[in-house]
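First the structure, in the form of structure tokens, and then the observations on it.
The values are calculated or read from the model by the stated rules, or taken from the named source; none is laboratory data. Small disclaimer: the values here were computed from a predicted structure and weren't measured. A quick note on method: Cβ atoms are made from the backbone with ideal geometry, for glycine too, and the neighbour counts reach across all protein chains shown.
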Amino acid sequence: MGKYNGLKGPGLFLIIPIIDRIDSYIDQRIRVTDFKAEQTLTKDTVPVNVDAVVYWTVWDVEKAALEVQEYEKAISYIAQTGLRDIIGKHELAELLQERDKIAEDLQKILDNNTNPWGITCQTVGIKDIIIPPALADAMSKEAQAERERRARVILGTAETEIALKFAKASEQYRDNPVALHLRGMNMLFEGLKEKGSMVIVPSSALDSMNLGAMGGLVSLAKTNEK
């Protein structure tokens, strides 16, 4: 007769025909609702499509039946509106890098709105963020340029460190001609130990490190081995 009488079930129960009727059946299991925000502008005016999902459950059946007419549609609309609001408050980089935080903020917004209905939103997940293809190409080129810049910086840093090591080594060789001589012999050995190899050295090195005499001795030794 238009008056709330109470909750029934689960199980068997009796009603008075014509006078009593069952208004709705409410499932208290965890349910999932997909929602999306299409062509929504971010804070830096980039149109994006975002797909998300929310897991929710009815914890107070009486409130869910009396406080809201169609709570499933209401949750879907509130989730979509909340997602659009959050997208408008964040830049594209934040959306791509902080998915978990954005999903957590959206879950709190939904929970605050649905708690008066006897419904709680347990988890929100961001499934996909789709950006325009032209912007995706530009971001890819930007990332590639950034990687090349880092590679050049690393290469320049390595060259600087190598130059410092060579400068430090030259100080050691300058005051120790025996060490310089041994280093020259090692370089010559490394160059000639492979068959058919050829070593080209400056003429000044022949005089300073006596590489010419050493090269002749090495060649003579190889000839004797043959």
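Only one of (1) at pLDDT 85 or above; (2) outside any strand (DSSP E or B) is not met by residue 17, so which one is it?
The failed condition is (1).
Testing residue 48 on (1) of a type outside the set (Phe, Trp, Tyr); (2) at pLDDT 85 or above; (3) assigned to a helix (DSSP H, G or I), one condition comes back false. Which one is that?
Unmet for residue 48, out of (1) of a type outside the set (Phe, Trp, Tyr); (2) at pLDDT 85 or above; (3) assigned to a helix (DSSP H, G or I): (3).
Starting from residues that are at pLDDT 70 or above and loosely packed, with under 11 Cβ neighbours inside 10 Å, keep the ones in region 171-198 and report whichever is farthest from residue 93 (Cα to Cα).
Top of the filtered list is 175.
So, in region 58-77, exactly how many residues are surrounded by fewer than 18 Cβ atoms within 10 Å (Cβ to Cβ) and either over 26 Å from residue 3 (Cα atoms) or in contact with a Cys (Cβ under 8 Å, 6 or more places away or on another chain) (or both)? Let's see the steps before the verdict.
The first filter runs over region 58-77 and keeps only residues surrounded by fewer than 18 Cβ atoms within 10 Å (Cβ to Cβ), leaving 59-63, 66-70, 72-74, 76-77.
Checking which are either over 26 Å from residue 3 (Cα atoms) or in contact with a Cys (Cβ under 8 Å, 6 or more places away or on another chain) (or both) leaves us with 76-77.
Counting residues in region 58-77 that are surrounded by fewer than 18 Cβ atoms within 10 Å (Cβ to Cβ) and either over 26 Å from residue 3 (Cα atoms) or in contact with a Cys (Cβ under 8 Å, 6 or more places away or on another chain) (or both) gives 2.
Restricting to region 51-72, what's the tally of residues that are of a type outside the set (A, V, I, L, M, F, W, C), part of a helix (DSSP H, G or I) and either modelled with pLDDT of 90 or more or in contact with a helix residue (DSSP H, G or I) (Cβ under 6 Å, 6 or more places away or on another chain) (or both)? Break it down into steps so the answer makes sense when it comes.
Step one: list which residues in region 51-72 are of a type outside the set (A, V, I, L, M, F, W, C), which gives 51, 55, 57, 60, 62-63, 67, 69-72.
With part of a helix (DSSP H, G or I) added as a condition, the list becomes 62-63, 71-72.
Applying the additional criterion that residues be either modelled with pLDDT of 90 or more or in contact with a helix residue (DSSP H, G or I) (Cβ under 6 Å, 6 or more places away or on another chain) (or both) yields 63, 71.
Final tally of qualifying residues: 2.
When the residues of region 3-57 are filtered to those that are touching a strand residue (DSSP E or B) at 6+ places or on another chain (Cβ under 7 Å) and aromatic (Phe, Trp, Tyr), which remaining residue is surrounded by the most Cβ atoms within 10 Å (Cβ to Cβ)?
56
How many of the residues in region 94-149 are basic (Lys, Arg) and either assigned by TED's automatic domain parsing to the domain that holds residue 68 or modelled with pLDDT of 85 or more (or both)?
4
Name the pairs: first residue in region 22-41 and free of Cβ contacts under 8 Å to residues at least 12 places away in the same chain, second residue surrounded by 10 or more Cβ atoms within 10 Å (Cβ to Cβ) and assigned to a strand (DSSP E or B), Cβ to Cβ under 7 Å, at least 6 apart or on different chains?
38/49; 39/47; 39/49
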